[in-house]
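A short write-up of the structure that comes next.
The values are calculated or read from the model by the stated rules, or taken from the named source; none is laboratory data. From a predicted model like this one, the values you see are computed outputs, not experimental measurements. Note that we place each Cβ from the backbone using ideal geometry, even for glycine, and neighbour counts take in every protein chain shown. Accessible surface is based on the protein model in full, side chains and every heavy atom, while ligands, DNA and RNA are left aside. Shrake-Rupley method; radii C 1.70, N 1.55, O 1.52, S 1.80 Å.
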Amino acid sequence: MSGADAAGAGLLLTARDIRQLAEAAGIRPSKQRGQNFVMDPNTVRTIVGRAGVEPGQAVLEVGPGLGSLTLGLLEAGADVVAVELDRGLAELLPLTLRARGVGEERFRLVHADALQVSELPSLPQAGEPTALVANLPYNVATPILLTMLERFDSLRSALVMVQSEVVDRLTAGPGSRTYGAPSVKTAWYGRAVHAGRISRQIFWPVPNVDSALVELERHEQPLGTDAERRTVFAVVDAAFAQRRKTLRSALSGWAGSAARSEEILRSAGVPPGARGETLGIEEFRAIAAA
């Protein structure tokens, strides 16, 4: 089914469809797993449009739930690899897609914890996923985003829906009140920007937090090897573990002593009295290299 045919066939799920599917399958949104299902087709189309999904592209979706966004991606002509942890949802989703005329060659389901997934299936026509588009479970959104970017180099972009305050943290720059380890680690992979707010009313159940989109374009060239990334991230974690401390003090455990910490910082051209929240990714790379 082409994107145009799918749209004409009313591929997307309405709020009524969502409730009927869930009721028939005995599914209730799990607060423990951060499940809030998108119920508004217009919002789905807005997200897919913002993601710039193209016909024939392979897209990775984490936490597809009842399939609202999955169907939006398929309607746009993309093929989808979906990772779902919940057994009931994992069993229901292929049935929902089949009932809406989606060919099996356009969809692959991985029933697993996204944080444990180390390889993704390749789609017959579209190949490996090149974009991550997802309504991420809010309680593990940041680890999932960073893990997917770390493990799958084929992902060149991401557009994910998370809590508004998480978007603020992921997109913050040095010196900002919300700048922290997630900000620096995200900057290792690419440039993240705030991509719009999402109304609470489009979810079931309605969450008690605001939601927003964060968009990331991966750097054309990686900043460094996996080994360098691990070293840089260890520096970042140490610097923000006690963010009120100077770097000389905060990095003393990582470096072996405060004196060695100061020596490394001076070698990297970073004032020992500075704090982690004032440094960008390049300064952290310089410290790791030194």
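Quick look at the values:
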read-out: Size of electric dipole in segment 1-137: Cβ of Lys, Arg +1 and of Asp, Glu -1, about Cα centre, debye, nearest 20; value: 460 debye
read-out: Gained length - residue 116 relative to residue 223, 0.36 nm times residue gap less alpha-carbon distance; value: 36.1 nm
read-out: Segment 230-290, Rg to Rh (Cα coordinates; Rh as Kirkwood inverse mean 1/r); value: 0.89
read-out: Semi-axis lengths (Å, descending) of the ellipsoid that matches the C-alpha gyration tensor of segment 183-278; value: 35, 18, 11
read-out: Residue of 64, 271, 55 that the Gaussian network model of the chain assigns the largest fluctuation, springs spanning Cα pairs under 10 Å; value: 271
read-out: Magnitude of the charge dipole, segment 190-290, Cβ model with Lys/Arg +1 and Asp/Glu -1, debye to 20; value: 360 debye
read-out: The chain, accessible area per residue, ligands and nucleic acids excluded (1.4 Å, Å²); value: 45 Å²
read-out: Surface share of carbon and sulfur [accessible, 1.4 angstrom probe, percent] for segment 196-290; value: 47 percent
read-out: Estimated dipole of the chain in Debye, rounded to 20 [Cβ of Lys and Arg +1, of Asp and Glu -1, Cα centre]; value: 1000 debye
read-out: If the convex hull is drawn through the Cα atoms of segment 86-222, its volume per residue in Å³; value: 130 Å³
read-out: Kirkwood-based shape ratio for the chain, expressed as Rg/Rh from alpha carbons; value: 1.04
read-out: Segment 98-152: Cα Rg divided by the 2.2 N^0.38 Å rule of thumb; value: 1.27
read-out: Selected from 260, 218, 191 as most flexible by GNM, with the chain as the system and alpha-carbon contacts under 10 Å; value: 260
read-out: 222 nm mean residue ellipticity, helices alone, for the chain (DSSP H n ≥ 4; -39,500 (n - 2.57); rounded to 500); value: -12000 deg cm²/dmol
read-out: Segment 236-290 versus segment 90-109: alpha-carbon centroid distance in Å; value: 50 Å
read-out: Normalised contact order of the chain, rounded percent, pairs of Cα under 8 Å and 6 or more residues apart; value: 14 percent
read-out: Candidates 117, 133, 193: whichever shows maximal mean-square fluctuation once the chain is modelled as a Gaussian network with Cα springs under 10 Å; value: 117
